[in-house]
1. With each pseudo-label sitting 7 Å past Cα toward Cβ, what's the ALA451-ARG86 distance in nm, one decimal?
2. For HIS274 and LEU77, compute 0.36 nm times the residue count separating them, minus their Cα-Cα distance, and round to one decimal in nm.
3. List the residues whose amide H sits under 5 Å from the amide H of VAL108, counting only those 5 or more places along or on another chain, with H placed 1.01 Å from N in the peptide plane.
4. Given the protein chains as shown and a 1.4 Å probe, how many square angstrom of PHE18 are accessible, to the nearest 10?
5. Can you put TYR122, TYR163 in order of accessible area, largest first, using a 1.4 Å probe?
6. How do MET91, MET304 rank by accessible surface area computed with a 1.4 Å probe, from largest to smallest?
7. Looking at this model, which pairs from LYS188/LYS226; LYS198/LYS247; LYS226/LYS247; LYS226/LYS276; LYS198/LYS221; LYS239/LYS276 are more than 25 angstrom apart at the alpha-carbon?
8. Taking square-rooted eigenvalues a ≥ b ≥ c of the alpha carbon gyration tensor, is region 195-322 rounded, prolate or oblate, where a/c under 1.5 means rounded and, failing that, a/b exceeding b/c means prolate?
Amino acid sequence: MPAIIPVRFTYAARDLWFDPAGTGAQEGDHVICSTERGKEFGLATADAREVTEEELAETIGHAQLRPVLRIATDADLERAEELERRGEESMPAFRRHVTESGLDMKPVGVEYLFDGDKAVCYFAAEERVDFRQLVRDLAREFHVRIDMRQIGVREEAAIVGGYGHCGQELCCRRFAMGFDPVSIRMAKEQDLPLNSTKISGACGRLMCCLRYEFEAYRDFKSRAPKRNAVIDTPLGKGKIIEYDTPKEQICLRLESGKQIRVALADMTASEAAHKKSEELGCPCRPDTVAREVLDRLDSPDVQMALAELDRKNGVIAEPEVDASDLFVETRRKRRRGSGQGSAAVGSGEPGRGPRADRPEAADEAPTRRRRKRRPGDGGGAAAQPQAASQLHAAPQADASAQPGTRRRRHHHTAEASADAPAQQPAKRTRRPGDKGGGMQPSRKKRAAQQAQSGEQRPPAPQQAQGQQRRAPQHMGGQQGGAATGPDGAAKPRRRRRRGGRGRGGAPDGGAPSGSGE
C-alpha cells in the first residue's frame with residue numbers, strides 16, 4: 001500500500017496528499033513539495049501513513065502522487081517569509097490595476113511560488129472575466145510571470161479568515177476541509193429559524209457547520225416519537241413539545257401544566273405501538289414512561305405529585321394532623337372602654353363610672369358604655385333626658401364627688417329650680433350676614449351691660465376641677481338659665497361648640513347663637 005502525508009498550503013482549500021519519499025517528515029514540519037506549478041512551501045498536518053489503492057484513487061483521482069522534496073531548513077523558512085512579504089506589498093498594485101481596467105472582480109491575494117519566478121493572483125467574481133490586458137499590466141509591474149486564478153466566495157473566506165456567529169474562527173479556515181454541499185433542508189431538520197442572516201456565514205452562503213450535526217438530528221428523530229404525540233405516564237397523559245437532540249431527551253407537558261424531561265432510552269413501547277409498527281412496516285417508537293423513570297427524576301414537583309397519587313390509591317396512609325399544628329390559640333383582646341363612661345343612673349356622680357381599683361366603687365351600679373355622638377343628637381342628652389336630669393340634679397353632687405374623678409363639660413344639662421317659673425328661652429333669629437352669631441357684641445360690651453343692669457357674670461368655663469356650679473337662677477333667655485318644659489322637667493340644652501367662623505361659634509369666644517352661656 002502506498003504511503004502518504006497530508007500537506008496544507010496557504011491558498012489551498014483543503015490538504016493535499018504527497019509521497020513522503022523517505023524524508024521522514026512528521027506532523028508540524030514545514031516541507032518543500034513538488035507540484036504542477038513548481039516548488040511550493042507547505043506544512044505537514046499529520047504523520048505519514050499507508051492507505052489503500054481505492055482510497056488513494058478516490059482522493060486524488062487520475063492525478064499523479066508527487067513527492068516531498070525535503071524538510072524546510074532555516075534558509076527555506078527565511079525565503080518563505082520574504083516571499084510572503086512581497087505578496088502583501090503587491091496587493092495595492094493589484095487593486096489599482098483592477099480599478100483602472102474597470103473589471104468586475106474582487107482581488108483576494110497575491111502568492112509568489114518558492115522559485116520566485118512566478119506570481120499567482122487570486123480574485124473572486126460572479127462571472128467569467130476577460131483579464132488578458134490586466135495580465136500584461138501586472139507582468140510589467142511585477143517583472144514575473146503572472147497566473148490569474150478565479151475562486152469562489154467560500155474559498156475567499158477560507159483565505160482571508162475571520163470569525164463566525166459562534167465567536168470561533170471560521171471552520172473553513174481552521175479545519176481546512178473540503179466544501180461539502182449544504183442545503184436549507186439541514187436547517188429545517190435541526191429546527192433552526194429560516195432566517196438568512198442567522199444561518200448564513202461570512203461568505204454569504206449557508207454555514208458549513210449546518211452539516212456537522214445533521215446526521216445526529218436525523219438519527220434521533222427517526223427513533224423518537226413524533227412531535228405533539230401523546231405519551232402515557234403515571235401522572236396522566238403527556239404531550240411532546242420539545243426535543244433535546246444533543247442530550248437525546250424529550251420534553252413532555254403533563255395535564256397539570258408541568259413540564260418534565262425524559263431520556264429517550266428510558267421510554268418503553270406498549271403492545272399497541274408494537275402492533276401498529278408491524279401493520280405499517282415502520283420502526284417502533286416508544287410511547288410510555290414507566291413509574292421507575294419518574295422516581296429517578298430530581299424534581300420536587302414530580303415527587304410531590306407521585307406521593308399524592310399514592311395517597312389516592314391507598315399505597316401511603318393519610319398523615320394524622322394534630323389540631324395544635326394547624327390552629328393557634330389566640331389571646332382574648334381586652335375590651336377597650338370597660339370601666340369608663342358616664343356614671344350609672346341614680347348615682348348622682350357626673351364623672352366616670354366605678355373602677356375596679358377604687359374600693360369605694362364596689363357598691364355602685366355597673367357603668368354603661370359611652371354612646372357615640374352623632375351630628376344633631378345634642379351629644380346624646382336628648383335620647384336620655386331623665387338620666388341627664390338625674391346626673392345634674394343638684395350642685396351638691398360636685399362637692400361630694402370623690403377625689404381623683406374628673407368632671408365632663410359635655411352632655412351636661414341643668415335642672416331648673418323648683419321655685420323658678422318655666423319659660424322658653426328667647427330665640428334669636430339669624431339674619432343674612434351675621435355669620436352664624438358672629439355679629440354679637442363683644443365680651444367687654446356684654447360685661448358693661450350686665451354691670452349696669454345688676455346681673456352677675458357667670459363663671460368662666462375653665463374652672464378648676466371640684467368647683468361648684470351656680471344653681472340656675474336666671475329666667476328664660478338670660479345667660480346661664482336652663483329651659484324647662486310645660487311639665488316642669490328640665491330640657492337638655494344644646495351642646496356648646498367652640499369653633500371658628502362659619503361653624504356656629506363667635507369670633508371672640510362667645511357662645512353660639514340660640515344657647516345660654
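The values are calculated or read from the model by the stated rules, or taken from the named source; none is laboratory data. This is a predicted model, so every value here is computed, not measured. Cβ: placed from backbone, ideal geometry, glycine included. Neighbour counts: every protein chain shown. Each accessible area value is taken on the protein alone, full model and side chains, heavy atoms only, with ligands, DNA and RNA left out. Shrake-Rupley method; radii C 1.70, N 1.55, O 1.52, S 1.80 Å.
1. So the two model labels end up 13.4 nm from each other.
2. Working: separation 197, 0.36 × 197 = 70.92 nm, distance 6.71 nm.
Gain on extension, HIS274 to LEU77, equals 64.2 nm.
3. TYR122, PHE123, ALA124
4. Accessible area of PHE18: about 10 Å².
5. Largest accessible area first, the list is TYR163, TYR122.
6. Largest accessible area first, the residues go MET304, MET91.
7. Table pairs above 25 Å Cα-Cα: there are none.
8. oblate
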